[in-house]
There are 2 protein chains.
Amino acid sequence: MKIGEIAKAAGVTTSRIRFYEKRGIIAPAARDANGYRDYPVELVSLLKFIEQAQGLGFTLKEISSVEVRADDHPISCAEAIDLLTVKLRSVEALIVEAKDRKRRIEALIGELAGREQSAA
Amino acid sequence: MKIGEIAKAAGVTTSRIRFYEKRGIIAPAARDANGYRDYPVELVSLLKFIEQAQGLGFTLKEISSVEVRADDHPISCAEAIDLLTVKLRSVEALIVEAKDRKRRIEALIGELAGREQSAA
DNA sequence: CTTGACCTTAAACCTAGGTTTAAAGCCTAT
DNA sequence: ATAGGCTTTAAACCTAGGTTTAAGGTCAAG
């Protein structure tokens, strides 16, 4: 499949695919006689997986560290669970931080509202 | 006060202060005869305010839009409450998104754990 | 009178994840 | 054979919020 076809199938841009290849996040494509990249149809699901992982808060660096393993032998369930657990902890930390931020903003609003009351 | 003094008092770097000045987030400093910046002591509290606002999730752009007003006449309580409320909504949205992300990661872990069980 | 600590500027560099552009080559239909 | 739509590359550009560096000026102490 040519880069435009695979891009359309996966719902990403061609520039993004070339960018991923340059960064080593996906394997270098085979080339046709004319130099055009020729990708296997399986890449579509990998590209979709990358999007999903990004949606879960994984960086490309983290994703790529899993991908490299995929070339060799697939990552084990236990390893995947470990990675996900680490990410889970940081998402939980983010929630705690965001809640605290929310609390502080609410307190500030309350304070200002009170001031407005007494000024009125 | 020279830039190093004000930086120390506010707990920020000198490069950051120059950066803020260049970006128009703080007013250009008066200059001594030798060309050194000469800042009023009040800038310390402004710099601390900027830090606080960043901690609440405001971008420098947002902060600067408030600061510009401060040159003219101080922002009103009602206006401040409006800005804070907008920010509050986005923090709440972030919390919702993060919780959803957490839920999805947990589901994935559960799925993998189940698979490991049946493989064992 | 020189050393060291401070100050000045512009411009380059950094992370992250790409997009955009320029200049060129290829392919298909007409 | 030529128009348009695809492809190639390297390199520059983008946001955000700064830091770092280079090359130089200033000031107080010893």
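The values are calculated or read from the model by the stated rules, or taken from the named source; none is laboratory data. Since this is a predicted model, take the numbers as computed values, not measurements. Positions of Cβ are backbone-derived with ideal geometry, glycine not excepted, and every protein chain shown enters the neighbour counts. To get the accessible areas, we keep the full protein, side chains included, count just its heavy atoms, and leave off ligands, DNA and RNA. Shrake-Rupley method; radii C 1.70, N 1.55, O 1.52, S 1.80 Å.
Within region A:3-20, being under 18 Å from residue A:54 (Cα atoms) and open to solvent by less than 30 Å² (accessible area, probe 1.4 Å) holds for A:7, A:10, A:12, A:17, A:20. Scanning region B:29-67 for residues that are more than 13 Å from the chain's Cα centre (by Cα) and either surrounded by fewer than 17 Cβ atoms within 10 Å (Cβ to Cβ) or within 19 Å of residue B:91 (Cβ to Cβ) (or both) gives B:30, B:31, B:32, B:33, B:34, B:35, B:36, B:38, B:40, B:41, B:42, B:45.
Taking the conditions exactly as written (out of contact with any Cys (no Cβ under 7 Å at 6 or more places or on another chain) and more than 15 Å from DNA strand D (Cβ to nearest atom)), does residue A:43 satisfy them or not? It is false that residue A:43 is out of contact with any Cys (no Cβ under 7 Å at 6 or more places or on another chain) and more than 15 Å from DNA strand D (Cβ to nearest atom).
Of all the listed residues (A:81, A:26, A:105), the sole one being touching a residue at least 40 places away in the same chain (Cβ under 8 Å) and either among the β-branched types (Val, Ile, Thr) or open to solvent by less than 40 Å² (accessible area, probe 1.4 Å) (or both) is A:26.
Could you check, for region A:5-16, whether at least one of its residues is touching a residue at least 40 places away in the same chain (Cβ under 8 Å) and more than 16 Å from DNA strand D (Cβ to nearest atom)? Within region A:5-16, not a single residue is touching a residue at least 40 places away in the same chain (Cβ under 8 Å) and more than 16 Å from DNA strand D (Cβ to nearest atom).
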